[in-house]
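Here the structure is laid out as structure tokens; the discussion comes afterwards.
The values are calculated or read from the model by the stated rules, or taken from the named source; none is laboratory data. Just so you know, these numbers come straight off a predicted model, no measurement behind them. Cβ placement follows ideal geometry from the backbone for every residue including glycine, while neighbour counts extend to all protein chains displayed.
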Amino acid sequence: MHWWGSFELPTGYGGCWRIGPLELWAQRRAEEWRISTRNNGDRFDASLDIPSPNQTDGSAELPGTLARFSAAPEDTEIELAPVLADRPVVIRPESPFHVAAHGEVTFFTSTPLWVRVSAGEPRQRLIEVPTWRPSDTWFGPSTTEGSLCYAGRTVGRLQPEELPLRAHRAATAVTVHNGADSLLAIERMLIPVEHLSLFVRPDGFLETQPVTLSSSSTAGAAFALSLVDEPRTAGVERVAGPREKLEQQSVVRALASFFS
Amino acid sequence: MQWLSDLIGWLSIDTARIALKVAAILATGLLAQRLISRRIAALQKRFVHLATLRPVASALILVVSFIWALAEVGVDITVLVGAAGILTVALGFASQTSASNLISGIFLMGEQAFVVGDVVKVEDTIGEVLSIDLLSMRLRTFDNLLVRIPNETMLKAKVTNLTYFPIRRIDMQLGVAYHTDVGAFVEVLLAVADANPLCLEEPKPLIIHSGFGDSALLFQFSFWATRESYLDVRNAMHNEVKQALDTHGIEIPFPQRTLWLHRDENGSPPTQP
């Protein structure tokens with residue numbers, strides 16, 4: 001059973017989810033939904049608790065940050081869905097890595113998920129909270145030009161089996177292709193997660209489709225971003241589409257050795 | 001059909017033709033003024049500075065139409081032009097400051113160093129730009145006061161746009177006791193920055209040893225935040241740094257003086273010189 005999906009909560013009942021560092025409570029009271037969240041800030045927390053049907057008393061006071069939403073009498077179902085971050089995530093290899101001329105390398109990393117809570121018919125989004133709030137970071141050639149991103153704390157690994165798997169994170173394979181005639185130094189990489197889809201593997205963990213960054217020039221840090229909307233591993237099922245669709249191959253500023 | 005012949009006869013007279021021409025010129029002028037005014041109003045959403053040009057453009061079109069109509073009627077406009085010239089000189093002397101403000105406003109518009117909505121600092125005044133008008137600009141200070149600054153002053157003064165770039169650096173000045181382990185102190189500060197998600201990871205926080213003060217080792221702790229979260233991060237980081245220093249027993253000393261007491265070899269206090 002996954003932590004996401006639709007959960008029946010009649011009036012007077014509630015449920016509690018534990019998804020990594022995030023605790024989420026939902027209560028169905030007369031005329032309203034009450035959603036409360038709390039985060040312990042431990043990004044290594046791999047806890048996973050999914051409520052049994054009608055697990056908790058819907059009249060209990062909720063800890064954490066509370067949000068209230070009106071509910072039609074016939075709404076007794078709440079839906080939790082995993083979504084990727086709303087901004088690009090910047091990851092880095094363990095130490096600066098050099099890609100040989102005309103060579104390529106694939107890094108494996110993971111990014112934290114957000115939980116989208118919806119209710120009603122048709123489904124309306126109530127709130128969206130991160131399972132773990134990454135730090136903000138700036139990615140760009142200078143402090144006047146660039147974009148606001150999240151700082152991924154998981155280093156990019158060269159072997160997929162080295163990547164720890166957690167229920168509140170999604171794995172991504174990033175391939176960097178160096179089309180130039182000289183070494184390419186990589187200190188940080190930008191993963192445009194807002195353009196990626198989510199897939200669930202047979203083992204229950206989530207992953208995105210692979211990302212390819214290709215450069216044919218020695219100058220600058222502009223790379224061609226290639227995305228195929230197909231997962232890397234076989235036997236997976238699509239869970240969510242991208243927040244923002246990327247229609248065609250896009251040139252992005254995705255690699256950096258700035259601010260040195 | 002007599003009336004038709006009378007009408008045709010009347011239309012053939014020059015007077016009627018001239019009257020029609022004048023009416024056409026004035027109508028065209030009014031129509032042009034309306035069209036251009038509407039076009040500028042539509043462009044104002046993108047280029048807010050055009051608000052100051054709209055009345056000027058409207059007046060210019062109407063005046064030109066009026067003078068052209070007078071010329072058709074047969075009025076000697078050279079007299080008018082001459083009178084206008086004298087009037088202009090008189091007005092020019094009387095309105096030097098206004099003209100300077102107007103021209104300064106045009107230059108400011110062209111430079112685009114700030115737009116409506118930006119937060120700027122002009123001399124000692126900090127506020128949000130509410131409007132950039134023909135002769136002046138208006139700021140709303142953070143304690144909700146309206147400040148009007150002539151455009152000429154704006155052009156001459158040093159203006160700091162606090163919201164031009166998307167990220168800003170915050171500098172915190174700190175002093176710690178001389179007996180402090182500097183390495184541990186630096187680690188504490190970096191941990192505080194690392195723990196605050198609104199404190200940007202890149203550009204990296206920076207710690208500069210400013211010098212050796214009278215009472216403390218002086219440091220500058222610099223870190224970055226987005227312009228939207230600048231105030232929140234600044235407040236939070238000051239509080240969090242204080243808490244972290246207290247937790248780790250790192251002292252921020254009060255101003256100190258060291259008093260040396262001397263006695264001579266007999267144990268007596270030194271005599272007056």
(request) Only one of these is touching a Gly at 6+ places or on another chain (Cβ under 9 Å), within 14 Å of chain B (Cβ to nearest Cβ) and of a type outside the set (Gly, Ala, Ser): A:Asp42, A:Asp75. Name it. (result) A:Asp42
(request) State which residue pairs qualify: first residue hydroxyl-bearing (Ser, Thr, Tyr) and inside the range A:7-32, second residue in a strand (DSSP E or B) in any location, beta carbons under 8 Å apart, and separation of 6 or more residues or different chains. (result) A:Thr11/A:Arg28; A:Thr11/A:Arg29; A:Tyr13/A:Gln27; A:Tyr13/A:Arg28; A:Tyr13/A:Thr56; A:Tyr13/A:Asp57
(request) Pull up the range A:118-142, narrow it to residues that are in a loop (DSSP other than H, G, I, E, B) and surrounded by 22 or more Cβ atoms within 10 Å (Cβ to Cβ), then point me to the one that is nearest to the other protein chains (Cβ to nearest Cβ). (result) A:Trp132
(request) Give me the pairs, please: first residue somewhere in the range A:100-112 and within 11 Å of A:His177 (Cα to Cα), second residue anywhere and β-branched (Val, Ile, Thr), beta-carbon distance under 7 Å, and either six or more positions apart or on two chains. (result) A:Glu104/A:Thr175; A:Glu104/A:Val176; A:Val105/A:Val99; A:Val105/A:Val176; A:Thr106/A:Val174; A:Thr106/A:Thr175
(message) So, A:Glu121, is that one modelled with pLDDT under 90 and at negative phi or not?
(response) yes
(request) Run down A:Thr111, A:Thr143, A:Thr137 and say which single residue is over 18 Å from A:Phe7 (Cβ atoms) and touching a helix residue (DSSP H, G or I) at 6+ places or on another chain (Cβ under 7 Å). (result) A:Thr111
(request) Answer yes or no as to whether A:Leu9 is within 30 Å of A:Thr172 (Cα to Cα) and surrounded by 18 or more Cβ atoms within 10 Å (Cβ to Cβ). (result) no
(request) Would you mind listing the strands (runs of 3 or more DSSP E) fully within the range A:1-92 where at least 3 residues are farther than 25 Å from A:Leu196 by Cβ and of a type outside the set (Ser, Thr, Tyr)? (result) A:13-19, A:22-29, A:32-39, A:65-70
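If a residue counts only when it is more than 14 Å from chain A (Cβ to nearest Cβ) and surrounded by 13 or more Cβ atoms within 10 Å (Cβ to Cβ), which strands (runs of 3 or more DSSP E) contained entirely in the range B:101-208 have at least 3 such residues?
Output list reads B:119-122, B:125-132, B:136-141, B:146-150, B:167-176.
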(request) Sort out which residues of the range A:143-153 are among the hydroxyl-bearing types (Ser, Thr, Tyr) and crowded, with 21+ Cβ neighbours inside 10 Å, and write them in order of number. (result) A:Tyr150
(message) I'd like the residue in the range A:70-103 that is closer than 16 Å to A:Thr172 by Cα and among the charged types (D, E, K, R) and, out of all such residues, is surrounded by the most Cβ atoms within 10 Å (Cβ to Cβ).
(response) A:Arg92
(request) Quick one: A:Met189 ticks every box in (1) crowded, with 23+ Cβ neighbours inside 10 Å; (2) modelled with pLDDT of 90 or more except a single one, so which number is it? (result) (2)
(message) Restricting to the range B:137-163, name every residue that is touching a helix residue (DSSP H, G or I) at 6+ places or on another chain (Cβ under 9 Å) and closer than 23 Å to B:Ser95 by Cβ.
(response) B:Met137, B:Pro150, B:Asn151, B:Glu152, B:Thr153, B:Met154, B:Leu155, B:Lys156
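Condition check ((1) more than 14 Å from chain A (Cβ to nearest Cβ); (2) part of a strand (DSSP E or B)) across all residues:
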residue: B:Phe221; (1), (2): yes, yes
residue: B:Met237; (1), (2): no, no
residue: B:Val241; (1), (2): yes, no
residue: B:Leu245; (1), (2): yes, no
residue: B:Ile250; (1), (2): yes, no
residue: B:Pro253; (1), (2): yes, no
(request) Determine whether A:Thr172 is over 27 Å from A:Ala67 (Cα atoms) and free of Cβ contacts under 8 Å to residues at least 24 places away in the same chain. (result) no
(request) Answer yes if at least one residue in the range A:152-171 is assigned to a strand (DSSP E or B) and within 14 Å of another protein chain (Cβ to nearest Cβ), and no otherwise. (result) no
